[in-house]
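Q: Have a look at this one.
The values are calculated or read from the model by the stated rules, or taken from the named source; none is laboratory data. Since this is a predicted model, take the numbers as computed values, not measurements. Using ideal geometry, Cβ is built from the backbone for each residue, glycine included, and neighbour counts are taken over all protein chains shown.
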Amino acid sequence: MTTGERIRRLVFGRALSSDQATSEQITPVEGLSALSLDALTSVAYGPEAILLVLAGAGATALHLMLPITLAIIGLLVLLVISYRQVIDAYPHGGGAYAVSRDNFGARASKLAGASLIVDYTLTVAVSIAAGVGQFTSAFPSTTRYTVPMCLGILLVITVLNLRGLGEGARIFLLPTMVFIVGLLAIIAIGMIHPLGLNTPRTGRSLVPAHAVEAVSVLLVLRAFSAGCSALTGVEAIANGVPLFREPRVIRAKRTELLLGSILGVMLLGLALLTDKFHVEPRTGQTVLSQIMVYAVGRHWAYYIVSLTITLVLALAANTSFGGLPVLTSLLARDNYLPHFFGLRDSRQVFGNGVWALAVFSAALLVAVRGNTNSLIPLFAIGVFIGFTMAQSGLVVHWRRTREPGWSRKALINGIGAAVTAVATLIFLVSKFVEGAWVVVVAIPLLIVLFNRIESYYARARRELETGVIPAPLDPKHTVVVVPVNSVSRLTQHALSEAVSLGDKVIAVMVVFDGVEPGRPRTEIEEHWEIWNPGVPLRLLHTNYASIVRPIMGFVDELRTVPDQQVVVLIPVVIPERIRYRLLHNQIDVALTSALHRRPDVVVARVPVPVRPPDPDPEPVDGTDRPEEVGAP
């Protein structure tokens, strides 16, 4: 095993067979850390988003926090029921994409797929930026390292997911449980016996002394849509059903129910405490932080849960790493993305999807310099488009299948689709100039990309006549051309391979006329005659500096013979150290580059390793000259 292979195995883990892949599949509890952190951690910004909108109407409007939260919890219930139905109806994953494709056709599925890709990428960037933002707020001196810290966290999460979702889920499980149990305990204490009511408030109130706008239906709808950001991530479980252990459907539905129950309790508890403690948005303090201070004071419990919230906010990016690779594999299966997105790596992971998500998220984090506020206006639009399409698709599904109780299910999904559609429109209108236009542009561009890739695959399928019974085989005589530059073990090995491949083998060497006249030709011919390998040597004379041009001309000469297949077999030196590879194989690079577009020529490479040096080398005769293996 080489050093590179050992490092790769240490970082990414040993290869898994398909039988061993079950160890990387997850249970319902592990599903909370693997696929639900995005939704669970949204309590850190969802309730605050509601208050920030209501604050525009003055302090008297803040009492609307509780009824709006109740409406959001009602929508959460609809979504949980809906996505449990999606899991039942589409157990192979894909969520909104699978539902849209089955019930609305290819065009609608592309919209759903593009929306989910945008949402997953933004989820990674927002989660990591929010976590780092919490950390830099506590330690202002680290602010200048925001982008490196964001990229470092992204790298760790990427590596863990390349090792397998199950491993990452188990590592993230402890902070997830501390976050859930800790926050629920703080809510319970705040409801029963708050300990920090006399703690002085910090920061400046963001509620204006005089209302800048009146309480209206539009204000309530804007507050509702802003608070709906707390529902992002609810769809990830339905998208990632194949990641669960058998029975997958049952386990995925249990995880969806667990997520809905925990998130609903958290949202309701925080809304009640916001009303009880008369919490208002303030500078330098999040709404969640204020509630925690009032509930338990600034003691060890507050700091433990605060640090855990910071950690799980960053780890919430893991939700996307669980869902997007499965989605891209389905898009690749349907010819909307390159087929390599459907390939599993040695750890049975859709690694190309993981890398793609990491690269695009890194670019986004660098572009906004890790600033959460720059990302928030873009957030949630993609997922709410997915919500709307998934539930609308289920209405069509129930009407078509007419299973027992279909009308009740269709009614639930219809109401959910209408509500999420309204929320999506409000998102687009209210956040368009703040940055939502980026999403409006990105989604159509992705759809155009899907169309172009699909069109290419369709054309390639026609050209290659995939699925058509081909004509009988057309055998040809084979001539193998082997470029050489000396008589050596490299040449001997290459010719040995060549004679086993073709009916005729020709060794060729390029001779530069005017450069060392006579010497190269005399030496190679003399050595060749002494060796007598049974293969003719053809010297290709040229007045130019190009080695490739004479060989290409000779290949063209051979191609004029009918019923003859030309194979160019290039010897390649494989040194014992990777760092030495740049010292060899220049002809391989140039010749392969020139021939790879020639459909009438087969190009092959024969590797020849350079043996490690002998620790006690025998003395050599001074007349011996070191073999030149810089190029074959």
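Q: Looking for something more than 30 Å from Leu449 (Cβ to Cβ) and either acidic (Asp, Glu) or in contact (Cβ under 8 Å) with a residue 12 or more places away in the chain (or both) - is there at least one such residue anywhere in region 110-130? Don't jump to the end; show me each part of the working.
A: Of region 110-130, the ones more than 30 Å from Leu449 (Cβ to Cβ) are none.
The answer is no; no qualifying residue exists.
Q: List the number of the failed condition for Val441; all other conditions in (1) farther than 30 Å from Gly502 by Cα; (2) over 30 Å from the mean Cα position of the chain (by Cα); (3) modelled with pLDDT of 90 or more hold.
A: Failed condition: (2).
Q: Sticking with this one: Could you figure out which of (1) free of Cβ contacts under 8 Å to residues at least 24 places away in the same chain; (2) of a type in the set (Phe, Trp, Tyr); (3) touching an Asp or Glu at 6+ places or on another chain (Cβ under 8 Å) isn't true of Tyr336?
A: (1)
Q: Also, I was wondering about something else. Taking region 469-485 as the region of interest, how many residues are assigned to a loop (DSSP other than H, G, I, E, B), over 15 Å from Val572 (Cβ atoms) and touching a residue at least 24 places away in the same chain (Cβ under 8 Å)?
A: 1
Q: So how many residues does region 254-310 have that are crowded, with 24+ Cβ neighbours inside 10 Å and touching a Lys or Arg at 6+ places or on another chain (Cβ under 6 Å)?
A: 1
Each row is one residue, and each column tells you yes or no for (1) modelled with pLDDT under 85; (2) more than 23 Å from Ala316 (Cβ to Cβ); (3) part of a helix (DSSP H, G or I).
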position	(1), (2), (3)
Leu183	no, no, yes
Ala188	no, yes, yes
Val207	yes, yes, no
Arg254	no, no, yes
Leu258	no, no, yes
Val265	no, no, yes
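Q: Kindly evaluate Ile72 against the criterion of being touching a residue at least 12 places away in the same chain (Cβ under 8 Å) and more than 22 Å from Ala390 (Cα to Cα).
A: no
Q: Please find, among Val548, Val589, Val572, Val568, the residue that is within 26 Å of Phe512 (Cα to Cα) and at pLDDT 90 or above.
A: Result of the check over Val548, Val589, Val572, Val568: Val568.
Q: Only one residue in Ala421, Ala410, Ala436 is in the same structural domain as Ala71 (by TED's automatic domain parsing), under 26 Å from the mean Cα position of the chain (by Cα) and of a type in the set (A, V, I, L, M), so which one is that?
A: Step by step, each of Ala421, Ala410, Ala436 is checked, and only Ala436 is in the same structural domain as Ala71 (by TED's automatic domain parsing), under 26 Å from the mean Cα position of the chain (by Cα) and of a type in the set (A, V, I, L, M).
Q: What residue, among those in region 401-456 that are among the hydroxyl-bearing types (Ser, Thr, Tyr) and surrounded by 17 or more Cβ atoms within 10 Å (Cβ to Cβ), is nearest to Leu337 (Cα to Cα)?
A: Applying the first criterion (among the hydroxyl-bearing types (Ser, Thr, Tyr)) to region 401-456 yields 401, 407, 420, 424, 430, 455-456.
With surrounded by 17 or more Cβ atoms within 10 Å (Cβ to Cβ) added as a condition, the list becomes 420, 424, 430.
Working: Thr420: 28, Thr424: 26, Ser430: 32 Å.
Applying the filter and picking the extreme gives Thr424.
Q: Another question, then. Take region 565-591 and flag every residue that is part of a strand (DSSP E or B) and surrounded by 15 or more Cβ atoms within 10 Å (Cβ to Cβ).
A: Once the filter is applied, which keeps residues that are part of a strand (DSSP E or B) and surrounded by 15 or more Cβ atoms within 10 Å (Cβ to Cβ), region 565-591 yields Gln565, Val566, Val567, Val568, Leu569, Ile570, Pro571, Val572, Val573.
Q: With the structure loaded, tell me whether Thr176 is in a helix (DSSP H, G or I), hydroxyl-bearing (Ser, Thr, Tyr) and over 28 Å from Thr388 (Cα atoms) or whether it fails that test.
A: The answer is yes for Thr176.
Q: Here's something else I'd like to know. Could you grab the pairs with beta carbons closer than 7 Å, sequence gap of 6+ or different chains, first residue in region 295-312 and within 10 Å of Gly196 (Cα to Cα), second one among the aromatic types (Phe, Trp, Tyr)?
A: Once the first residue is within 10 Å of Gly196 (Cα to Cα) and sits in region 295-312, its partners that are among the aromatic types (Phe, Trp, Tyr) give Val296/Tyr302.
Q: Residue under question is Ile262, and the condition is that it be more than 22 Å from Phe135 (Cβ to Cβ) and not charged (D, E, K, R); does it hold?
A: yes
Q: Considering region 310-367 alone, what residues qualify as being in a helix (DSSP H, G or I), farther than 26 Å from Arg452 by Cβ and small (Gly, Ala, Ser)?
A: Scanning region 310-367 gives Ala314, Gly322.
Q: In addition: Report yes if some residue within region 309-321 is over 30 Å from Thr274 (Cβ atoms) and under 19 Å from the mean Cα position of the chain (by Cα); otherwise report no.
A: First, pick out the residues of region 309-321 that are over 30 Å from Thr274 (Cβ atoms): 321.
Filter once more, keeping what is under 19 Å from the mean Cα position of the chain (by Cα): 321.
Yes: region 309-321 contains one or more residues that are over 30 Å from Thr274 (Cβ atoms) and under 19 Å from the mean Cα position of the chain (by Cα).
Q: Out of all the residues in region 237-252, which are part of a helix (DSSP H, G or I), surrounded by 17 or more Cβ atoms within 10 Å (Cβ to Cβ) and modelled with pLDDT under 85?
A: Asn239, Leu243
Q: When you scan region 306-325, how many residues do you find that are β-branched (Val, Ile, Thr) and at pLDDT 85 or above?
A: 2
Q: For Glu529, all conditions in the list (1) loosely packed, with under 13 Cβ neighbours inside 10 Å; (2) over 48 Å from the mean Cα position of the chain (by Cα); (3) under 23 Å from Thr478 (Cα atoms) hold save one; what is the number of the exception?
A: Glu529 satisfies all of (1) loosely packed, with under 13 Cβ neighbours inside 10 Å; (2) over 48 Å from the mean Cα position of the chain (by Cα); (3) under 23 Å from Thr478 (Cα atoms) except (3).
Q: Could I ask something else about it? At negative phi and either in contact (Cβ under 8 Å) with a residue 40 or more places away in the chain or aromatic (Phe, Trp, Tyr) (or both): is that true of Thr142 in this structure?
A: Judged against the criteria, Thr142 is not a match.
Q: Then there's this: For region 276-290, name all the residues that are within 23 Å of Ile128 (Cα to Cα), in a helix (DSSP H, G or I) and in contact (Cβ under 8 Å) with a residue 40 or more places away in the chain.
A: Once the filter is applied, which keeps residues that are within 23 Å of Ile128 (Cα to Cα), in a helix (DSSP H, G or I) and in contact (Cβ under 8 Å) with a residue 40 or more places away in the chain, region 276-290 yields Val287, Leu288, Gln290.
Q: Take the conditions out of contact with any Gly (no Cβ under 9 Å at 6 or more places or on another chain), over 16 Å from Ser115 (Cβ atoms) and in the same structural domain as Gly46 (by TED's automatic domain parsing) and apply them to Leu307. Does it pass?
A: Yes, satisfied.
Q: Being of a type in the set (A, V, I, L, M) and either closer than 14 Å to Ile117 by Cα or out of contact with any Ser or Thr (no Cβ under 7 Å at 6 or more places or on another chain) (or both) narrows it down to one of Ala367, Ala423, Ala417, so name that one.
A: Numbers: Ala423 fails: either closer than 14 Å to Ile117 by Cα or out of contact with any Ser or Thr (no Cβ under 7 Å at 6 or more places or on another chain) (or both); Ala417 fails: either closer than 14 Å to Ile117 by Cα or out of contact with any Ser or Thr (no Cβ under 7 Å at 6 or more places or on another chain) (or both).
On inspection, the qualifying residue turns out to be Ala367.
Q: Could you tell me which of the residues Ala89, Ala106, Ala98 is assigned by TED's automatic domain parsing to the domain that holds Ala252, among the hydrophobic types (A, V, I, L, M, F, W, C) and either touching a Lys or Arg at 6+ places or on another chain (Cβ under 9 Å) or surrounded by 23 or more Cβ atoms within 10 Å (Cβ to Cβ) (or both)? Quick ask: steps written out before the conclusion?
A: Working: Ala89 fails: either touching a Lys or Arg at 6+ places or on another chain (Cβ under 9 Å) or surrounded by 23 or more Cβ atoms within 10 Å (Cβ to Cβ) (or both); Ala106 fails: either touching a Lys or Arg at 6+ places or on another chain (Cβ under 9 Å) or surrounded by 23 or more Cβ atoms within 10 Å (Cβ to Cβ) (or both).
Only one candidate passes the filter, namely Ala98.
Q: Output the number of the condition that Val234 fails; it satisfies all remaining conditions of (1) among the β-branched types (Val, Ile, Thr); (2) within 20 Å of Thr176 (Cα to Cα); (3) not in a loop (DSSP other than H, G, I, E, B).
A: It fails just one condition, (3).
Q: Further question on the same structure: Only one of these conditions is not met by Ala230: (1) aliphatic (A, V, I, L, M); (2) buried (at least 17 other Cβ atoms within 10 Å of the Cβ); (3) at pLDDT 85 or above. Which number is it?
A: (3)
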